[in-house]
Amino acid sequence: METEPQADLDAHDGLPLSGLMILDFSQFLAGPSCALRLADLGARVIKVERRAGGDASRSLLLAGTTFDDTSALFHAINRGKESYAADLKDADDLAAVKRLVARADVLIHNFRPGIMDRLGLGWDAVRALNPRLVYAGVSGYGPDGPWRDRPGQDLLVQSLSGMAWLSGDADDPPIPAGFSVTDMMAGAQLCQGILALLLRRGVSGRGGRVDVSLMEAAIDLQFEHLSVHLNQEEPMPPRSSVAGGNVYLAAPYGLYATADGHLALAMAPVDQLGTLLGISALDAFPPESWYPERDTIKALLRDHLLTRGTADWLAALEPAGIWCAPVLDWPALLAEPAFTALDATQRIVAPGGASMMTTRCPIRIDGAILRSSRPASRLGADQQRIDEDMAL
């Protein structure tokens, strides 16, 4: 039987988007994460940045971590891209940027609605320059409505969208996700739209426009819960008082403390859990009670699971096919052989030789892991070469 190759790919040749040129005008996370994925898949990504300071993420430090005199976060989300510095309000710079637009395959931006039009780079202007261009925009709240000019920031969107009310137990305050989930989802959805329009262009030769917003991404992320809520008369669904994990799922769904850690229990027959764990009181709950009586059932599980360690409970549950897992922190995850087997990290290397570990592209092509050892470029470092390329 023929096996798939397991080699790494660290070059654009042979990758699916090799030969495409992307202009990334975006900052922070949503747009840049989209452009990053296109770069991972082989596209040439030119990051068009302000002359004064560049992308604001260059100076956005997480825990004070820097790399190559720039925020480590900036490199994590912009690795492998080239940098082109321009003042879009300067006539000469704008003319140079328009030359790039005329040659590009995709343009990505995350300016607030109306700004690209005022700069002369709106959809109507650029498609006149390049009818084959795929024009991709990401905003906070869409092009219309009373929220269109609000700051499109992830925590604010989580708060406005109802997402923050879904996590935690009944008596907890709203709890946001611990990472920029709406930014990253909006970036992924923008990437999907770009690839769809590139596919259409391959058939028709016609470019197109794709727009996403953080708010629409947040709404779509909640499609399971909102679909239920929209079809029944109810206030906000109550969170479980014990081991809250999902507002609409029955016991035992949630996270439970053990004698030495925590255990996740997903969907599982409560009566079977009672037998496996030695909780005879669970026999009193028929299946139709597992949702309405979830807090009572979860309280019995909570008290009993505290009596032994996580490994003991896993040994009792996993052989029976119960969906369960230990709750790992990052050091524990990195120590797992399963993490090692995924080979999920990579090292990027700065021009001066300094190196930094980061995550790699999660996509495999033809069985091969995609890697890129190039860090983000220093501001404007690729300017001369790009201008020379455009003159050819």
Go through the range 339-380 residue by residue and tally those that are of a type in the set (Gly, Ala, Ser) and over 23 Å from Thr70 (Cα atoms). 4
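Condition test on Gly64, is it over 29 Å from Ala218 (Cβ atoms), more than 19 Å from the chain's Cα centre (by Cα) and open to solvent by 20 Å² or more (accessible area, probe 1.4 Å)? Explain how you work it out, then say what you get.
Working: over 29 Å from Ala218 (Cβ atoms): yes; more than 19 Å from the chain's Cα centre (by Cα): yes; open to solvent by 20 Å² or more (accessible area, probe 1.4 Å): yes.
So Gly64 fits the description; yes.
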Condition set in contact with a strand residue (DSSP E or B) (Cβ under 7 Å, 6 or more places away or on another chain) and open to solvent by less than 70 Å² (accessible area, probe 1.4 Å), scope the range 202-241, selection farthest from Ser180 (Cα to Cα): answer is Gly207
I'd like the full set of residues that are more than 11 Å from the chain's Cα centre (by Cα) and exposed (fewer than 15 other Cβ atoms within 10 Å of the Cβ), limited to the range 176-201. Gly178, Gln192, Ala196, Leu199, Arg200
Counting only helices (runs of 4 or more DSSP H) wholly inside the range 298-392, the ones holding at least 3 residues that are closer than 30 Å to Phe285 by Cβ and of a type outside the set (Lys, Arg) are 310-317
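For every residue, the table says whether it meets (1) touching a residue at least 24 places away in the same chain (Cβ under 8 Å); (2) in contact with a helix residue (DSSP H, G or I) (Cβ under 8 Å, 6 or more places away or on another chain); (3) not in a loop (DSSP other than H, G, I, E, B).
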residue: Arg132; (1), (2), (3): yes, yes, no
residue: Gly145; (1), (2), (3): no, no, no
residue: Pro151; (1), (2), (3): no, no, no
residue: Val157; (1), (2), (3): yes, yes, yes
residue: Ile175; (1), (2), (3): no, yes, no
Screening Leu273, Leu333, Leu305 for residues that are at negative phi, within 35 Å of the chain's Cα centre (by Cα) and surrounded by fewer than 13 Cβ atoms within 10 Å (Cβ to Cβ) leaves only Leu333
Where in the range 195-293 are there strands (runs of 3 or more DSSP E), lying fully within it, with 2 or more residues that are in contact (Cβ under 8 Å) with a residue 40 or more places away in the chain, of a type outside the set (A, V, I, L, M) and closer than 30 Å to Asp144 by Cβ? 208-213
Conditions: (1) open to solvent by 20 Å² or more (accessible area, probe 1.4 Å); (2) modelled with pLDDT under 95; (3) farther than 30 Å from Thr66 by Cα. Pro319 meets all but one. Number of the miss? (2)
Scan of the range 46-56 for residues that are part of a loop (DSSP other than H, G, I, E, B) and over 21 Å from the mean Cα position of the chain (by Cα), ordered by number: Arg50, Arg51, Ala52, Gly53, Gly54
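How many residues are assigned to a helix (DSSP H, G or I) and either of a type in the set (D, E, K, R) or over 16 Å from Ile108 (Cβ atoms) (or both) when one looks only at the range 57-83?
Applying the first criterion (assigned to a helix (DSSP H, G or I)) to the range 57-83 yields 57-59, 72-78.
Among the residues that remain, those that are also either of a type in the set (D, E, K, R) or over 16 Å from Ile108 (Cβ atoms) (or both) are: 58-59, 72-76.
The number of residues fulfilling the criteria is 7.
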Taking the range 73-90 and the residues there that are open to solvent by 10 Å² or more (accessible area, probe 1.4 Å) and farther than 17 Å from Gln383 by Cα, the one that is modelled with the lowest pLDDT would be Leu73
What are the pairs with Cβ atoms under 8 angstrom where one residue, in the range 105-121, is among the basic types (Lys, Arg) and the other, located anywhere, is assigned to a loop (DSSP other than H, G, I, E, B) and crowded, with 16+ Cβ neighbours inside 10 Å? Sequence gap at least six, or different chains. Arg112/Gly140; Arg112/Arg148; Arg112/Gly152
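The values are calculated or read from the model by the stated rules, or taken from the named source; none is laboratory data. Because the structure is a prediction, the values reported are computed rather than measured. A quick note on method: Cβ atoms are made from the backbone with ideal geometry, for glycine too, and the neighbour counts reach across all protein chains shown. Accessible surface areas use protein heavy atoms only, side chains included; no ligands, DNA or RNA. Shrake-Rupley method; radii C 1.70, N 1.55, O 1.52, S 1.80 Å.
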